[in-house]
Amino acid sequence: MTVIARRAAIAALLISVSASAVSAEMAATTTPPEAPKFDAQTEPVYVTRSDIYEYKALPSYSEPAWVTAFVDAGKLPPVAERLPKEPLVYKTANMPDGPGVYGDVMRHVIGGRPEGWNFWAGQSYGWGGIDIGLVECLTRTGPLFTVKAEDLQPMPNLAKSWEWSEDGKTLTIHLIEGAKWSDGDPFDTEDIDFYWNDVILDPEVTPLMGAAEATYNNAKLEITDAYTFNLTFDTAFPESVLYNMAYGNFCPGPSHILKPKHPKHGGESYEAFQKAFPSDMMNFPVMGAWAVVEHRPDDIVVLRRNPYYWKVDETGQQLPYLDEMHYRLSTWGDRDVQAVAGTGDFSNLEQAENYVESLKKAADPASPARLAFGPRTIGYSLYPNLSGNGWGEPDARAQAVRELNRNLDFRKAISYAMDRQRLGESLVKGPFTTPYAGGIYAGTPYYDAASTAFFPYSVDSAKEALKAAGLEDTDGNGFVNLAGGDDLNVTLLTQSDYTTDKNLSEGVVAMMADAGVKVTLNALTGKDFDNARDSGTYDWIMFRNGAELITVVQNTSALAPTGPTTDLNHRANGAGKLDLLPYEEEMVKTVNAFMGSRDPAERLELMKTYQKLYTENLDGIGLTAYPGALIVNKRFANIPAGAPIFMYNWAEDNIIRERVFVPADQQIDAELHPNTLPGELGGAGPVAAN
Ligand code: BQZ
């Protein structure tokens, strides 16, 4: 060998040695970087739940004058007969602007589309607050952002009160008495019985939200009388179950309408049951403040006040104050644009790409809208599908990816490959975004930095981790190969309705390519995305996290695969089997212990254990977190200070829309069906008094 060749060989050896010496170690995990300071612009006024409302009879009640015309025409009973014995009474002292006046409309803009009204058989109403307003639930959690820590419990709603037995294994629930559906039919335990036996417990029926059968700890339900029922549990005091009776989970439907269409009660089939109330069928009975009276596809959904709504203010005015509600059927991005322009009235500013423009517009004193940032509770994670036993029926390629997903070194490679700072800045520059390790969000009650493992950006470490997972680029084309020689090819499921989801996903594709892994996007819209997510037909998914990683007490069972369908990225296969990894078994034990504990100190420790398990094992790969901003038109009154766009629920629930009003001198003339009420189910829509 010539001298030159020898020197070259030595140099190459030195480089390879130094390279392998340099990359022999993956970068050590750290705690997450300090988030740039970003104070929420407004703080809530902290109160107890009973400061907000109570249930009691008032000496007299009133209604909009145009509704009295229906009573005078014999089309409606007097308002006192339309209300429960003890209506839910919102307290004046908790109303930022006091009792309101009737009239006007809130004009929402949304990116979803209503499929039909059978929420209980899985039909979407299009999100954006439609379902939150139409389906009321046993308890309520949205407004809990204003509740003092020492009183933090779900708020009563259709369930007026509850108590536990001595041994904590029986929960007795008392419904509000005398409330009625928007068509006048009584709300009572007939509705509970149908919801429990013919929705929750019927394996052929899948509600739109919530892994119901696992959120009630396999409880047994027993009806006692028209307004009382018991739930009995195997374990004592599973208090988290009351959180899982809020929006999305225990929101009974109108059994007098649903039951006849259910196959167990004479209905034709499960498919016919699901499709029995199509989105062009008007006046579907609700417990919510407004009912649907018009739906112009891809244009607008219009709702009119529910004359039987079971809530009042302390002066006896039946709520809501607003007579009409609009949902303009557009895009989520357009919701921001219209809210700052004043052609729409509300937006959860959650797509960081729109922040600068929205802030600029809202900063103008003449701006029609108020914009207020809240805490950093919007965050995205990349979740590998962790099922190895067939959830989502993977083909050979997908199965090979899942085997890798179940390998911690492979998940470490993904995490090391993520330049989270750059991902965040690709959405918006400035103090908004912060690298997010995954798991419980920083700045929230159960977060503990010392229990949070953060894998810093390091392409070398990513490559080292891939090698440790048995993956190398054997054909030199820049992408690692599977044993059979093919390039590893991963699909990333992302929601195409949101610019943010697509931008982050494209960032992930580029960064994984730098690390040597080929990723291709599968961008789906709305229900298709939700269906792919829930059926497990994906390798990796880009997901905007749920409430459980913010408050921990909401949807707690979703923190781990505590049941066959509770977890986002690991659900049971067709045979109902969950092939949990050892750390997942530990997470399940920890979450179940948390749900069974009533000791605050113990609960804090359990969540430190959970956070360690989650972030050290990369159950999800956190990417970026940032604050959302609530944009509401300035004409609305009674908007609570510090309302986050998302915490225990979305702002459509948090701001308590039924007690929002517009002062008489600021009302606009935007009602499309003034002085009308919802008509008969299936009828042409709103009806006039005469
Ligand atoms: C808020 C929310 C109210 C669903 C939906 C949508 C669905 C998901 C999620 C959000 C929209 C808005 O979120 O983005 O700001 O108005 O409706 O429900 O993303 O695709 O399935 O979980 O809530």
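So that you can scan it fast, the table gives a plain yes or no per residue for (1) away from the ligand (no atom under 15 Å from the Cβ); (2) surrounded by fewer than 22 Cβ atoms within 10 Å (Cβ to Cβ); (3) part of a strand (DSSP E or B); (4) not charged (D, E, K, R):
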residue: Asn531; (1), (2), (3), (4): no, yes, no, yes
residue: Asp534; (1), (2), (3), (4): no, yes, no, no
residue: Met542; (1), (2), (3), (4): no, no, yes, yes
residue: Val552; (1), (2), (3), (4): yes, no, no, yes
residue: Pro561; (1), (2), (3), (4): yes, no, no, yes
residue: Pro564; (1), (2), (3), (4): yes, yes, no, yes
residue: His570; (1), (2), (3), (4): yes, no, no, yes
residue: Gly576; (1), (2), (3), (4): yes, yes, no, yes
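Find the helices (runs of 4 or more DSSP H) located wholly in the range 110-218 whose residues include 2 or more that are over 24 Å from Tyr648 (Cα atoms), of a type outside the set (D, E, K, R) and at pLDDT 95 or above, and list them. Because the criterion is at least 2 residues that are over 24 Å from Tyr648 (Cα atoms), of a type outside the set (D, E, K, R) and at pLDDT 95 or above, the helices (runs of 4 or more DSSP H) in the range 110-218 that meet it are 189-194.
Cβ-Cβ distances below 6 Å connect no pair with a first residue in the range 168-180 that is not assigned by TED's automatic domain parsing to the domain that holds Arg82, a second residue that is surrounded by fewer than 16 Cβ atoms within 10 Å (Cβ to Cβ) and of a type in the set (Ser, Thr, Tyr), and a separation of six or more residues or different chains.
Mind checking whether some residue in the range 96-109 is open to solvent by 10 Å² or more (accessible area, probe 1.4 Å), more than 21 Å from Trp196 (Cβ to Cβ) and hydroxyl-bearing (Ser, Thr, Tyr)? Scanning the range 96-109 turns up at least one residue that is open to solvent by 10 Å² or more (accessible area, probe 1.4 Å), more than 21 Å from Trp196 (Cβ to Cβ) and hydroxyl-bearing (Ser, Thr, Tyr).
Checking each residue of the range 639-652 against the condition of being more than 16 Å from the ligand (Cβ to nearest atom), closer than 26 Å to Pro64 by Cβ, aliphatic (A, V, I, L, M) and in contact with a strand residue (DSSP E or B) (Cβ under 6 Å, 6 or more places away or on another chain) gives no match. Taken together, the residues in the range 308-342 that are open to solvent by less than 10 Å² (accessible area, probe 1.4 Å) and either part of a loop (DSSP other than H, G, I, E, B) or without any contact (Cβ under 8 Å) to a residue 24 or more places away in the chain (or both) amount to 8.
Just one of the numbered conditions (1) in a loop (DSSP other than H, G, I, E, B); (2) within 16 Å of the ligand (Cβ to nearest atom) is not true of Val632: (1).
Among the helices (runs of 4 or more DSSP H) confined to the range 379-441, the ones with at least 1 residues that are of a type in the set (A, V, I, L, M) and open to solvent by 20 Å² or more (accessible area, probe 1.4 Å) are located at 396-405, 408-417. Being farther than 30 Å from Gly116 by Cα and not in a helix (DSSP H, G or I) is a property that does not hold for Lys463.
Considering the range 484-506, the residues that are in a loop (DSSP other than H, G, I, E, B) and away from the ligand (no atom under 13 Å from the Cβ) include one that is modelled with the lowest pLDDT, namely Gly484.
Would you check if there is a residue in the range 286-295 being within 30 Å of Asn675 (Cβ to Cβ), without any contact (Cβ under 8 Å) to a residue 24 or more places away in the chain and open to solvent by 10 Å² or more (accessible area, probe 1.4 Å)?
Taking the range 286-295 first, the residues within 30 Å of Asn675 (Cβ to Cβ) are 286-295.
The next check asks that each one be without any contact (Cβ under 8 Å) to a residue 24 or more places away in the chain; those that pass are none.
Scanning the range 286-295 turns up no residue that is within 30 Å of Asn675 (Cβ to Cβ), without any contact (Cβ under 8 Å) to a residue 24 or more places away in the chain and open to solvent by 10 Å² or more (accessible area, probe 1.4 Å).
Can you find a residue that is away from the ligand (no atom under 16 Å from the Cβ) and more than 30 Å from Pro99 (Cβ to Cβ) anywhere in the range 319-341? Yes, the range 319-341 contains a residue that is away from the ligand (no atom under 16 Å from the Cβ) and more than 30 Å from Pro99 (Cβ to Cβ). Scanning for something assigned to a helix (DSSP H, G or I), in contact (Cβ under 8 Å) with a residue 12 or more places away in the chain and closer than 30 Å to Met155 by Cα, does the range 659-670 turn up at least one residue? Yes: one or more hits. Taking the criterion of being surrounded by fewer than 24 Cβ atoms within 10 Å (Cβ to Cβ), under 30 Å from Val47 (Cα atoms) and either among the small types (Gly, Ala, Ser) or away from the ligand (no atom under 15 Å from the Cβ) (or both), the only residue of the range 111-132 that qualifies is Gly129. From the list Leu681, Leu623, the lone residue that is open to solvent by 10 Å² or more (accessible area, probe 1.4 Å), in contact (Cβ under 8 Å) with a residue 60 or more places away in the chain and not in a helix (DSSP H, G or I) is Leu681.
The values are calculated or read from the model by the stated rules, or taken from the named source; none is laboratory data. Keep in mind it's a predicted model, so treat the numbers as computed, not measured. Methodologically, a virtual Cβ is constructed for each residue, glycine included, from the backbone with ideal geometry; neighbour enumeration extends over all protein chains shown. Remember, those area values only see protein heavy atoms, side chains included, never the ligands or the DNA or RNA. Shrake-Rupley method; radii C 1.70, N 1.55, O 1.52, S 1.80 Å.
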